[in-house]
Amino acid sequence: MASIFRTIADLWSLVVGLAITGKEFCRPGVTVHYPRAEVTPESAASFRGPIELIGLDKEPAKPRCIACMLCVSACPSGCIAVTRAPAPKPTPEELKAIAEAEARGEKPKRPAPPKAPGTWTYDFSLCSLCGSCVEVCPVDSIGFSNDIYMVGTKREDFVFDQLARLARKAAARKAEPKPAAKPAPSAAPEAAPAPAASPSETGAATPASEA
Amino acid sequence: MNATISFDSVLHVVLALVGVAVFVGLNGLLLVYAERKVAGFIQRRPGPYEVGPQGILQAVADALKLIGKQLVRPDRADPLLFWMAPVLAFFPVLLLFLPLPFSPLLTGWDVNLGLLLILAFAGFNVLALLLAGWGSNNKYGLLGAARAVAQSVAYEIPLLLAVLAIAFQEGTLSLSSIVATQGSMPWQWNIAVQPLAFLIFLISALGETNRAPFDLPEAESELTAGFHTEYSGMGFGMFFLAEYANMIVACSVCTVLFLGGWKGPFLDGAWWFLAKVYALLLAMMWFRWTFPRVRFDQLLNLNWRWLLPLGVLNLLATAFVMKL
Amino acid sequence: MHSADTLRSRPTSCPAASADGGCADDQIAGDGYTCRFERGARPESLILNMGPQHPSTHGVLRVLLELDGEYIVRAEPVLGYLHRMHEKMAEVKNPAQFMPNMGRVDYLHALAWNWAYVGAVEKLAGIEIPERAEYLRVITCELNRISSHLLWWGAYLLDLGAFTPIMYAFDDREMLLDLLQLMTGSRLTYSSFRFGGVYTDASPAFVQGVRQFVPHLRSRLPMYTALVTENIILRRRIEEVGVIPPDMVTRYGASGPVARGSGIAYDVRRAEPYSVYDRFDYEIPTRAEQCSMARYMVRMAEIEQSLRIIEQAIDSLPEGEHMHPKAPKPSFKLPAGESYFAVEGARGKIGVWIASDGGKTPYRVKLRAPGFSNLALFAECARGTLLADAVAILGSLDMVIPEIDR
């Protein structure tokens, strides 16, 4: 007798299961239809996306970077390549001074290279987003972007010329009247015309909207 | 059976076959779409959404893709058996639709042994699965085929017992007469008299059509895809269509035997028949997206230890009552 | 069939070797593993390669099975398809550079591996951790444990043929990942613990989110129970299937829910308390049944216990810094010596042993993956069961293949 009751209880569990899925059937979906809808900007904000350079407060198109190379050596996967900016070409007066100094057998006083990067390349396809570079940067010039919609069709799409990317972002931000009021975290700012970016650059940031 | 087979009746059958082929094809598309939508809604997601408005063309796109795909036969598979299996799985199913009474006027072939015809031709499905599994020279296929045979043979018996109970009660094997003896109101349907037979029939139908939770011949987490592991393109498509066609047949027979066929409150007609069939089909989908799969020995235990004795008891009780 | 003809005309160098099927001959040929897997005494048995591509081996595990009908005569897991040399990589990178690897050893409970490595380095180098960081580690690690268990729950039911539960589990897991993203910035392969603290401090949004999530998940658990745990089909599938007696657990060194499902109340958090776990009130769920259902129940109970720990930790979260002011620079040198640190992961005891000769990089790092020992007992446990049971047992061991292969 007890076994019959147990069998009925067992079968009842199936009905309970059906009731649950039936109830869920009637409830609205919880997924985000991506191309038509996007996750809220708040939930994308904390995402650690591909790193980007941070510009100077006064001059947003110029990075704070002092080309100290700490990030290059800290990176576990060697995805950052930075070169120092070349020393400025000596003016005719300086050239003359150098020539005179050399003629005197002294060490000529050449113009010192600026503390700024010449190129700043970042290969996102190698990056594991660990944040080591962000941590070691002494001038807080590296930060995570929260670009969660990045796509590319070839490897080179993920090799970024960070200086050009920064310049473009700064230009786009400048073009906008109120940068903080932008509702969607899409890559729209980067899609704006980029006057600062040199036309010959390759491997620039290629967000979805730009490709 | 009619003693004389006139040209008219042959024409009728041929036309009906063509109609059934169209019906099965369209229904296949519709059911694939419905299944995926049901699965989507149960899982709190939209289901097919991109192809056409609300994704209604998704099934068509899938069908076109299947048709366009290359048919690959594994090395060392038996070519005859391998290609015969999908054909054998699909075409006999079309015959099963002939005796189904959609409405008093809409019956392909109103034969007085309709029930027998359906049960007989339904047996072909097992053969097709066996050939598919055996002929594709794949171990998963072989295991799937072995499961399919054991399962189908086992579940045919309680199915037959449930059907027999109705046949006893009605004294006929003609599907349209079985419908005719039932009333329009739900309490006048056979399910009111034979609830146990209805349950046995429904469970056995799930087993016969290899639907979850009894989808053991496919059992994707165990046998990758079971008997149709090696099939691509329309080879797989035929099995797929056959599965849905079999589901429709099983639900139609269930409707005819237990749910009053085309009869219903307010206005009798084919719409009642279709509404009931689709309600049953939706229930089958609902089961699939709710329950885990049973194990093979449990499947057979359920059959031999529960359904079969209950079916026999039910049949005896029916016979006893009828004798009184 | 043009294609079939070309296939047919291809010369077959190894007549009995075709992918998964087609091995009807007496001798077993193929790759080295299959050749060594000798057929037993029964001539009618069938050798079946389950994996490396199989829906229920969760990744690239390969199990060689000798079948008699559907009964398993012998089973042998074949590993190494996902070997990525994590231990070797640890020898060529400095400790900070190796941290991202730890998020990728076991991608489902990445923070436990984070913790094991960070703990070992901190022990060796004598780095102190602020109390707030300890609490944040506990909270995030337990959240991560829940997300791992939720995913296991869904995937296990996929193995057993139920497709819907994983979607419900993912619904809840998404909220969890949102929370973890607030803390760690990523959603799966976390690399968030640092020597001497954690990468980011908890924001008020995180604290509030955790406070909301705990009761939310608690309210969902009864639904999980009603839909799945009490379902008779599931119970019949996994009750008394895959019985692992305690002596088998100890012989193979299994740990985690596998051990606790066999009645061995071993949990590193309790047995060798680390961090601040001794301050919280929680239970170590164990079951005496030793079967797959017992392991299932242990994991479901662990979700509740983790919620308890999180609740207490978030309520007593101390103020302070999230990184110790004397935390070393990333390029610091490990002192010579060795250390071992074990934590309780979702799958069992995770251990990291570091030997350093005082150089820039560790001399040797050994990662103890719980999944490896847990999987090892499968060969013995699966003997004599049905093919469907083997799937149920494999699933109940909760394997993460990248962790097993490292």
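The values are calculated or read from the model by the stated rules, or taken from the named source; none is laboratory data. Please read all numbers here as calculations on a predicted model, not as lab measurements. Because the Cβ atoms are built from the backbone with ideal geometry, glycine has one as well, and the counts that use them run over all protein chains shown. All accessible areas refer to the heavy atoms of the entire protein, side chains included, with ligands and DNA or RNA removed. Shrake-Rupley method; radii C 1.70, N 1.55, O 1.52, S 1.80 Å.
The table that follows gives values for the structure above.
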| item | result |
| --- | --- |
| Check on C:G320, under 19 Å from C:F195 (Cα atoms), touching a residue at least 12 places away in the same chain (Cβ under 8 Å) and in contact with a Lys or Arg (Cβ under 8 Å, 6 or more places away or on another chain) | yes |
| Residue list for segment B:284-323, filter: more than 20 Å from the chain's Cα centre (by Cα) and charged (D, E, K, R) | B:R295, B:D297, B:R305, B:K323 |
| Qualifying positions in segment A:79-108 - among the charged types (D, E, K, R) and outside any helix (DSSP H, G or I) | A:R84, A:K89, A:R104, A:E106, A:K107 |
| The listed residue being aliphatic (A, V, I, L, M), touching a helix residue (DSSP H, G or I) at 6+ places or on another chain (Cβ under 8 Å), under 26 Å from C:L387 (Cβ atoms) and within 11 Å of another protein chain (Cβ to nearest Cβ), out of C:I244, C:I232 | C:I232 |
| Meets criteria (within 13 Å of another protein chain (Cβ to nearest Cβ) and touching a residue at least 60 places away in the same chain (Cβ under 8 Å)) for B:G141 | yes |
| Filtered residue count, segment A:73-99, keeping only those that are within 24 Å of C:G103 (Cα to Cα) and without any contact (Cβ under 8 Å) to a residue 40 or more places away in the chain | 1 |
| Number of positions in segment C:69-111 that are open to solvent by less than 40 Å² (accessible area, probe 1.4 Å), farther than 30 Å from C:S45 by Cα and in contact with an Asp or Glu (Cβ under 7 Å, 6 or more places away or on another chain) | 2 |
| Boolean, A:G29 is within 30 Å of C:P165 (Cα to Cα), open to solvent by less than 60 Å² (accessible area, probe 1.4 Å) and either at pLDDT 80 or above or small (G, A, S) (or both) | yes |
| Residue match in segment B:38-57 (condition: acidic (D, E) and within 24 Å of the chain's Cα centre (by Cα)) | no |
| Residues within segment B:40-59 that are assigned to a helix (DSSP H, G or I), open to solvent by 10 Å² or more (accessible area, probe 1.4 Å) and either among the hydroxyl-bearing types (S, T, Y) or at the interface with another protein chain (Cβ under 7 Å from one of its Cβ atoms) (or both), tallied | 1 |
| Selected residue (only one of B:A122, B:A145, B:A167 is at pLDDT 80 or above and within 30 Å of B:A77 (Cα to Cα)) | B:A145 |
| Single condition A:I51 does not satisfy, out of (1) at positive phi; (2) modelled with pLDDT of 85 or more | (1) |
| Considering residues of segment B:222-269 that are more than 30 Å from C:P52 (Cβ to Cβ) and more than 19 Å from the chain's Cα centre (by Cα) only, the residue surrounded by the most Cβ atoms within 10 Å (Cβ to Cβ) | B:K263 |
| Tally of residues being surrounded by 16 or more Cβ atoms within 10 Å (Cβ to Cβ) and more than 12 Å from the chain's Cα centre (by Cα) across segment A:103-130 | 4 |
| Hits in segment A:1-40 - residues which are free of Cβ contacts under 8 Å to residues at least 60 places away in the same chain and charged (D, E, K, R) | A:R6, A:D10, A:K23, A:E24, A:R27, A:R36 |
| Residues being open to solvent by 20 Å² or more (accessible area, probe 1.4 Å) and within 14 Å of another protein chain (Cβ to nearest Cβ) - total across segment B:112-138 | 2 |
| Matching residues in segment C:345-363 - criterion: being open to solvent by 30 Å² or more (accessible area, probe 1.4 Å) and of a type in the set (D, E, K, R) | C:K349, C:D357, C:K360 |
| Residue in segment A:59-77 that is exposed (fewer than 13 other Cβ atoms within 10 Å of the Cβ) and farther than 14 Å from A:L163 by Cβ present | no |
| Some residue of segment C:325-336 being touching a residue at least 24 places away in the same chain (Cβ under 8 Å), among the polar types (S, T, N, Q) and in contact with a strand residue (DSSP E or B) (Cβ under 8 Å, 6 or more places away or on another chain) | no |
| Segment C:164-191 - residue that is touching a Phe, Trp or Tyr at 6+ places or on another chain (Cβ under 6 Å) and more than 17 Å from A:A45 (Cα to Cα) and, of those, nearest to the other protein chains (Cβ to nearest Cβ) | C:T164 |
| Whichever residue in segment B:166-194 is open to solvent by 40 Å² or more (accessible area, probe 1.4 Å) and of a type in the set (F, W, Y) and, among such residues, is nearest to B:M322 (Cα to Cα) | B:F168 |
| Scan of segment C:181-206 for residues that are surrounded by fewer than 17 Cβ atoms within 10 Å (Cβ to Cβ) and not in a loop (DSSP other than H, G, I, E, B), ordered by number | C:P204, C:A205 |
| Condition broken by C:A388, with the remaining ones in (1) over 22 Å from C:N49 (Cβ atoms); (2) out of contact with any Leu (no Cβ under 7 Å at 6 or more places or on another chain) satisfied | (1) |
| Which listed residue is acidic (D, E) and within 23 Å of B:G114 (Cα to Cα), from B:E208, B:E220 | B:E208 |
| Criterion: touching a residue at least 12 places away in the same chain (Cβ under 8 Å), closer than 23 Å to B:Q188 by Cα and open to solvent by 20 Å² or more (accessible area, probe 1.4 Å) - qualifying residue of B:W272, B:W304, B:W289 | B:W272 |
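Yes/no per residue for (1) in contact (Cβ under 8 Å) with a residue 40 or more places away in the chain; (2) under 28 Å from B:S9 (Cβ atoms); (3) outside any helix (DSSP H, G or I); (4) open to solvent by 20 Å² or more (accessible area, probe 1.4 Å):
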{"position": "B:L81", "(1), (2), (3), (4)": "yes, no, no, yes"}
{"position": "B:A85", "(1), (2), (3), (4)": "yes, no, no, no"}
{"position": "B:L88", "(1), (2), (3), (4)": "yes, yes, no, yes"}
{"position": "B:V93", "(1), (2), (3), (4)": "yes, yes, no, no"}
{"position": "B:L105", "(1), (2), (3), (4)": "no, yes, yes, yes"}
